[in-house]
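Take a look at the structure set out below.
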Amino acid sequence: KPYLIRAFYDWIVDNELTPYILVDATYPGVQVPEEHVQQGCIVLNISTTATRGLLLENDRIVFTARFSGQVHQIFVVPNAVLEIYASENGRGI
């Protein structure tokens, strides 16, 4: 799964689109701002303009991002990623 996430991320960025991930916020080990979770999920913009220090690793996805003006450290387990897609056209997996 981490390989597919990285591959689709690269494909989306290479096509000058914006990568988003849909994350199961209830999955063990996931750390996201709870106030932005809806129905147990959160959509995260993981573009280079929306994140700092993005790491797409085999065991984790880590970055910092701003939510309502506050900086948050985001930690996502790859198994918690339900979708990765381009926001402009919805294409992805």
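So if I check each of Glu16, Glu34, which one is at pLDDT below 95 and of a type outside the set (S, T, N, Q)? Give the derivation first.
Details: Glu16 fails: at pLDDT below 95.
After ruling out the rest, the residue left standing is Glu34.
Which residues, counting only those in the range 14-44, are touching a helix residue (DSSP H, G or I) at 6+ places or on another chain (Cβ under 8 Å) and among the hydroxyl-bearing types (Ser, Thr, Tyr)? Let's see the steps before the verdict.
Going residue by residue through the range 14-44, those that are touching a helix residue (DSSP H, G or I) at 6+ places or on another chain (Cβ under 8 Å) are 18-19, 21, 23-25, 27, 29-30, 42.
Correct list: Thr18, Tyr27.
The values are calculated or read from the model by the stated rules, or taken from the named source; none is laboratory data. Values in this document were obtained by computation on a predicted structure and should not be read as measured data. Using ideal geometry, Cβ is built from the backbone for each residue, glycine included, and neighbour counts are taken over all protein chains shown.
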